[in-house]
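The next block holds one structure in the form of structure tokens; read it before the comments.
The values are calculated or read from the model by the stated rules, or taken from the named source; none is laboratory data. Since we're looking at a predicted model, the values are computed, not measured. Cβ sites come from the backbone with ideal geometry, for glycine too, and all protein chains shown count toward neighbours.
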């Protein structure tokens, strides 16, 4: 059985910004996924792949709509310590070496969880995090995923790798480095 990890990046407009929901809203969004749970063993490989891709795209659209609604009210939000985190910035943060280097980093470091391999499980988790004004990944969390009963090992592995990312070039607002909300969908797929 060949295992492949697919790292799918969202469009620049969506990736650099992410909705910041309350804990209750996050729980609701996590449980109210874009697609119904179907017995995976009854689907062909092509059907599973199509279902996973459809679910991921639906969630991207849902997250983008949530973000746009929040950004209408304010381009930023405040953390408990008083620091600001922007949804939208004049100069977007960038991974050192660009998106291709980020994809390579993720592919090199992500490991398909053994627990999920044995059950032929697949899924996409959206890792949301804050890129600090120094470009450091902080406050990472998985807020959305494609299936209601996604394997917790996917969540753990995606967070592990995102948390070990090297520093990025920070986002800029009025020429000054600022913290920015960011989201990356990570798809675990069996080929």
| request: Within the stretch 134-155, identify whether any single residue is in contact with a helix residue (DSSP H, G or I) (Cβ under 9 Å, 6 or more places away or on another chain), surrounded by fewer than 18 Cβ atoms within 10 Å (Cβ to Cβ), modelled with pLDDT of 95 or more and farther than 21 Å from residue 101 by Cα, and answer yes or no. | output: yes
| request: Answer with yes or no whether residue 178 is under 22 Å from residue 62 (Cβ atoms) and not in a loop (DSSP other than H, G, I, E, B). | output: no
| remark: Taking the stretch 160-176 and keeping residues buried (at least 17 other Cβ atoms within 10 Å of the Cβ), farther than 8 Å from residue 93 by Cα and touching a strand residue (DSSP E or B) at 6+ places or on another chain (Cβ under 7 Å) leaves 162, 165, 173
| note | Listed by range, strands (runs of 3 or more DSSP E) wholly within the stretch 71-172 having at least 3 residues that are under 17 Å from the mean Cα position of the chain (by Cα) and farther than 25 Å from residue 51 by Cβ are 123-131, 137-145
